[in-house]
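Please treat every number below as a calculation from the coordinates, not as lab data. None of these values were measured; they are calculated from a predicted model. All Cβ positions, glycine included, derive from the backbone under ideal geometry; neighbour counts span all protein chains shown.
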Amino acid sequence: MTENPISSTHDLIIIGAGPAGIEAGLAAASAGLDFVILERGRIAENMRRWGFVSMFSPWRMNVSPAGKERLGLEEVDVESFPTGSNYIEQYLKPLAQHADLQNHISLGVNVIRIGRAGAFKSTLIGNPARAELPFTILAEKLSEDGQWSEFAYSARAVIDASGVYGNHRWLGSGGIPCIGERANRKYISYEIADIAPFVERAERQLHFAIVGSGFSACTLLESAKAINESGKLLNISWVTSIPNVKPVSEVENDPLPYRSRLSKMANDLAENPPDWLNYKPGYEIIEIKNTEPNDNSAGITLRSLTDQTTTPLIAQRIFAMVGYVPDRRIYEELQVHECWATSGPMKLASSLLSQQGADCLAIETDGETLVNPEPNFFIIGAKSYGRNPDFLIDRLKDQVATVISAISIA
Ligand SMILES: Cc1cc2nc3c(=O)[nH]c(=O)nc-3n(C[C@H](O)[C@H](O)[C@H](O)COP(=O)(O)OP(=O)(O)OC[C@H]3O[C@@H](n4cnc5c(N)ncnc54)[C@H](O)[C@@H]3O)c2cc1C
């Protein structure tokens, strides 16, 4: 008899142990499901990469009733803003160690693909009978001897809470890599970074390019401002495709004061650029090349979106704050109806697009939007918004409750 290659079988597999995966695990435990969370790194691996940044949503918005109850938190300091690291250390890690979760999380397990045992994407189209076939999941784990081992899991339901951070967009015109972008990867940070140590270590005066006009770009500008105000010199070119003097959207009567302050600070810099700031609104990047040998700088070519003229720029580092996209390959064999504009699940994307322009706090979605044609397969968390960057942890309370109650594995 051959050995059964299925490593383990469960009611529910949750992919990712970020805020969404942890909250989904708590709800699964309450519902009495046999579940496992597969996480490719450590707890909240993606958030750790920006852990030094202060969150713009206050504590009260980042904790759920289920999480507070498990940790015995009577009341959190509702209006203070944790850094990403504070949030992991004081909330997500203690929850991961709670009796309801600790034996249900497998760390260092990277999910590669999810399929239906015995059915391709194109079989039983839209047929509820697919629910009778278990999901099959291929995952890999690096062992202590440096070898990758593969595992297969089987489950009746799957929640994809794998986020988007880590799958960056490209810098070039139209969202594809520009000439030289891939070859000169060593000059580019696609994730936010603490820039102060770069300046401390530098043996010469540095010039960085910051590309984008979202909150990550604003956070870097705030750091650059503080560095320059402290007497050290850091030159910045701020490149955005938005042609406006105020490129960052400001929310009227913003209920999130930290976000409000950050966007106003960045727009003030754009309106009245100080000596250290070269503000380039309405430009796209068409080429990145290596400069002189040993110069350790990138030569960037910008093209104006208004008159097509080109401008050269030299920077020792490019911070590409241009957003992230969901990794759809892991569920490409499933029947997921996706939005052609955001790559998020269609019903939710359509609800979000119909409220376009509204502040992320004002957006309303109902539970039905998380259901898609593949029975018992759900996408939650940041990934459920696809390319739309407006997801907030606060949304998880509704998302998790809806999805756990929609799972049907009888
Ligand atoms: C700089 C910055 C500041 C932010 N500030 C806020 C804020 O103040 N408030 C707020 O609400 N949101 C904020 N966000 C958005 C925030 O990232 C999300 O709200 C939150 O992290 C989403 O949680 P998630 O669990 O959906 O995804 P993630 O936090 O990205 O977690 C996904 C997890 O899945 C794991 N994973 C990925 N692929 C696989 C795989 N194939 N196999 C196994 N595991 C996998 C990852 O390692 C990760 O641990 C901020 C984002 C950034 C970048």
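Taking the empirical scaling 2.2 N^0.38 Å for compact globular proteins as reference, the chain has a Cα radius of gyration ratio of 1.05.
Taking label positions 7 Å along the Cα-Cβ direction at both LEU138 and SER7, the computed distance is 1.3 nm, reported to one decimal. Summary of the geometry: region 243-301 and region 134-177, compared by the centres of their Cα atoms, lie 32 Å apart.
Region 275-350: D in µm²/s via Stokes-Einstein (Kirkwood Rh, Cα pairs, 4 °C, 1.567 mPa s)? Write out the running numbers ahead of the final one.
Numbers: Rh = 16.0 Å.
In µm²/s, the coefficient is 81.
Think of the chain as a dipole: +1 on every Lys or Arg Cβ, -1 on every Asp or Glu Cβ, centred on the Cα centre; then among SER405, LEU302, ILE14, LEU302 lies furthest on the positive end. Rounded to the nearest 20, the size of the Cβ-charge dipole of the chain about its Cα centre is 780 debye, with Lys and Arg at +1 and Asp and Glu at -1. Here the sum of -39500 (n - 2.57) over DSSP H runs of 4 or more residues, divided by the residues of the chain, equals -6000 deg cm²/dmol at 222 nm, to the nearest 500.
In region 204-293, a dipole from Cβ-located charges (positive for Lys and Arg, negative for Asp and Glu) runs towards its positive end, and of PRO255, ASN244, GLY231 it is GLY231 whose Cα lies farthest in that direction. Helix 396-406 and the long axis of the chain differ in direction by around 30°, with both axes built from C-alpha atoms.
Are there GluC sites (Glu not before Pro) in region 145-229 that DSSP puts in a loop and that have at most 10 other Cβ atoms within 10 Å, and which ones? Before the final figure, lay out the partial values.
On the way: sites: GLU150, GLU181, GLU191, GLU200, GLU203, GLU222, GLU229; in loops: GLU181, GLU191, GLU203.
Loop-located and lightly packed - GLU203.
Exposure proxy ranking for VAL336, VAL78, VAL211, based on other Cβ atoms within 10 angstrom of each Cβ and starting from the fewest, stands as VAL78, VAL336, VAL211. Between the beta carbons of GLN355 and GLU79, assuming R0 = 41 Å, the FRET efficiency works out to 0.95 to the nearest 0.05. Once both labels are positioned 7 Å from their Cα atoms along Cα-to-Cβ, the gap between LYS68 and VAL245 label points is 4.5 nm. Taking every DSSP bridge with both residues inside region 173-320, close to 40 percent are antiparallel.
Mind sorting MET346, MET321, MET61 by how few other Cβ atoms lie within 10 Å of their own Cβ, fewest first?
Details: MET346 17, MET321 25, MET61 20.
Going from least to most buried by this count: MET346, MET61, MET321.
Protection proxy ranking for 79-85, 164-170, using the average of other Cβ atoms within 10 Å per residue and placing the highest first: 164-170, 79-85.
Ranked by the mean number of other Cβ atoms within 10 Å of their residues, highest first, the peptides 25-38, 374-387 come out as 374-387, 25-38. Backbone amide hydrogens, once placed in the peptide plane, bring MET55 within less than 5 Å of THR83, GLY84, excluding anything fewer than 5 places away on its chain. Distances between placed amide hydrogens fall under 5 Å for LEU305 paired with TYR283, GLU284, all partners being 5 or more residues away or on another chain.
Restricting attention to the chain, the count of lysine pairs at 8 or more positions apart or across chains with alpha carbons under 14 Å apart stands at 7. For GLU368 and GLU332, the FRET efficiency from 1/(1 + (r/R0)^6), where r spans their Cβ atoms and R0 equals 22 Å, is about 0.35.
Beta-bridge orientation, the chain: approximately 45 percent antiparallel, per DSSP, counting only bridges with both partners inside.
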